[in-house]
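*Asks:* Take this structure first; my questions come after.
Nothing in this text is a laboratory measurement; each read-out follows from the coordinates by a stated rule. These numbers come from a predicted model, not from an experiment. Neighbour counts are summed over all protein chains in view; Cβ atoms, including those assigned to glycine, are modelled from backbone coordinates with ideal geometry.
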Amino acid sequence: MSDKLPNANTTEEVDLGQIFLYIEKVFKKIGNLFVKLFQALGWLIKKIAVLFLFAISIVKKQFIKIGIAAILTYVVFTVLDKRSIPVYQSSILVNQNYETGKLLYNHISRYNLIARNNDSISLSKELNIRPEVAAKITGFDVSSSITKNQLYHEYHEFFKEVDSTIYVSFYEFEDEYPMELIETQLITVHALSPDAFDGLANSIVNVFRENEYFKEIKETEISDFENQIKTNNEIITESDTLMKKYINLMQNYYGNSADPQKQDQATINLNLANNKDRINTREFEVFNLQNSKKQEIVGLQKEIVARKEIIELQSNFTQPTLIINFYKKNKMKATVLAGLLVLLFFFFKELGVYNLIDKYGNKENLLES
């Protein structure tokens with residue numbers, strides 16, 4: 001048995017040695033990988049530096065040509081900027097008291113199309129404005145007043161109601177969201193002159209005020225509200241009569257007050273010393289009913305005031321602002337881009353790319369098997 005013990009220790013030492021040898025190989029491989037990565041990074045930095053110097057040498061050789069291209073682009077954009085017609089924009093806020101959203105968006109889309117086509121006669125008829133004013137209008141746009149945060153809230157509420165197996169991304173939800181149903185809408189108009197906005201807000205809103213379909217709906221709803229107010233007033237009048245009967249009943253049952261002037265002040269607690277049973281009247285319920293109906297009347301009156309306008313103008317056109325045109329906005333970008341394109345042209349020329357294109361960029365090489 002003593003002869004077998006050393007053999008077991010030797011086997012254990014051999015196994016540990018193999019493990020350490022394996023760990024050593026792993027660390028060497030990791031080290032070699034890092035070395036290669038640093039070497040590749042150094043090579044890449046070196047090539048980038050050479051490429052940068054090569055580009056500088058091309059700029060040095062072709063500086064005049066690159067400069068001429070940039071200057072010409074700047075001059076052209078400046079001339080186009082000076083010759084372009086200034087465009088002004090301003091916006092109004094409207095509040096939809098009825099379901100006019102789809103019609104509003106359709107109208108604005110049609111107005112925009114007519115304005116883009118420079119059809120001032122048709123636009124003047126649509127909005128009931130003078131043709132010379134319509135000729136100054138270049139475009140229309142409409143958008144809802146809902147914010148991104150409000151839309152995110154609507155998105156989360158939507159997921160609470162739908163099946164959990166259905167997934168809709170926020171961008172899909174935003175695209176499909178009925179923006180025209182939002183109560184407050186922003187209408188933006190572009191025009192060639194600031195005076196084109198004078199009186200234009202009422203012209204836009206009046207199109208809906210004179211719409212026969214919505215006028216009929218307005219009259220029906222207001223009439224319904226008025227009937228509800230009338231019914232509530234009748235209920236309050238009847239409840240007043242009932243309340244007086246309750247008070248008279250209690251006065252007669254519990255005993256009238258000695259002072260006739262205080263008879264109307266009798267309550268259910270009057271003359272409790274008579275030890276008479278409590279009469280089961282419902283004056284408190286009547287009182288609550290009256291308060292409820294009065295509050296309902298106040299709400300209905302507010303609805304009538306709001307519903308008197310099919311579309312309500314919340315904010316008229318503000319002071320028109322001048323829109324920065326395309327040429328002025330992109331003048332410096334175009335200048336830099338022109339210089340870079342010329343530089344790129346000579347860069348490829350120095351690398352011999354065009355020779356390779358002439359040699360291999362043909363139909364025969366493409367169809368070659």
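*Asks:* With +1 on the Cβ of every Lys and Arg and -1 on the Cβ of every Asp and Glu, and nothing else charged, how large is the dipole of the range 86-231 about its Cα centre, in debye rounded to the nearest 20?
*Replies:* My answer is approximately 620 debye.
*Asks:* Given a cut-off of 27 Å, name the pairs among Lys102/Lys302; Lys46/Lys331; Lys65/Lys331 whose C-alpha atoms lie farther apart than that in the structure shown.
*Replies:* Flagged as over cut-off: Lys46/Lys331.
*Asks:* Mind listing the long-range amide H neighbours of Val142? Cut-off is under 5 Å, sequence gap 5 or more, other chains count too, H placed in the peptide plane at 1.01 Å from N.
*Replies:* Thr188
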